[in-house]
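The values are calculated or read from the model by the stated rules, or taken from the named source; none is laboratory data. All values reported here derive from a predicted model rather than from experimental measurement. Glycine gets a Cβ as well: all are built from the backbone with ideal geometry, and neighbour counts include every protein chain shown.
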Amino acid sequence: MTSTSPATRSPRKSHGSPSVSGQAQLPATERVRLARLAGEAVAAAGEVAATTGDAGAWMTRDGDRFIPGVVAAMLPEGRVELTLHVDAVWPVRSLDEVADALRGRVAGSADAAGLGSRLGPVAVAFHDMRTPEDER
């Protein structure tokens, strides 16, 4: 006989079992490590600010946290494609120059971390322009 009880259709975690975030920290995948480096590159660049979008969809999960503005996807050949979703902060130089600088910063960080060969394409998507007053 098959049960149709909600308890058997949608199992819940027992209150006595620890969550993943409550256990020892698991090692990060290369995808997450590269996403972290990209997030740090965006944060260090004074010309842009990460954005998750209105729906909060542009981010990468990192355990029980999220890396805002970075979407990291594993490619079939094992490299990681990154898309950086950012708002430019006024005044800004050419957006092409800003994007190239971000890509260079990410590539340099990946090389320094020993992940340069795993880094795939890095796209930069500009969504809005902020003024310094918006940052306060």
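Side notes on the structure shown:
- Search result, residues across the stretch 54-79 that are aliphatic (A, V, I, L, M) and either touching a residue at least 60 places away in the same chain (Cβ under 8 Å) or assigned to a loop (DSSP other than H, G, I, E, B) (or both): A55, A57, L75
- Tally of residues being assigned to a helix (DSSP H, G or I), of a type in the set (A, V, I, L, M, F, W, C) and surrounded by 16 or more Cβ atoms within 10 Å (Cβ to Cβ) across the stretch 80-105: 4
- Condition check for A112 on (1) surrounded by 12 or more Cβ atoms within 10 Å (Cβ to Cβ); (2) at pLDDT 95 or above; (3) aliphatic (A, V, I, L, M): one failure, at (1).
- Within the stretch 109-131, the residues that satisfy the criterion of being within 23 Å of P76 (Cα to Cα), outside any strand (DSSP E or B) and either aliphatic (A, V, I, L, M) or free of Cβ contacts under 8 Å to residues at least 40 places away in the same chain (or both) are A110, D111, A113, G114, L115, G116, S117.
- Residue under evaluation T51, criteria (1) within 17 Å of the chain's Cα centre (by Cα); (2) free of Cβ contacts under 8 Å to residues at least 60 places away in the same chain, criterion not met: (2)
- Residue check: V71 meets all listed conditions (1) in contact with a helix residue (DSSP H, G or I) (Cβ under 9 Å, 6 or more places away or on another chain); (2) on the phi > 0 side of the Ramachandran plot but one, namely (2).
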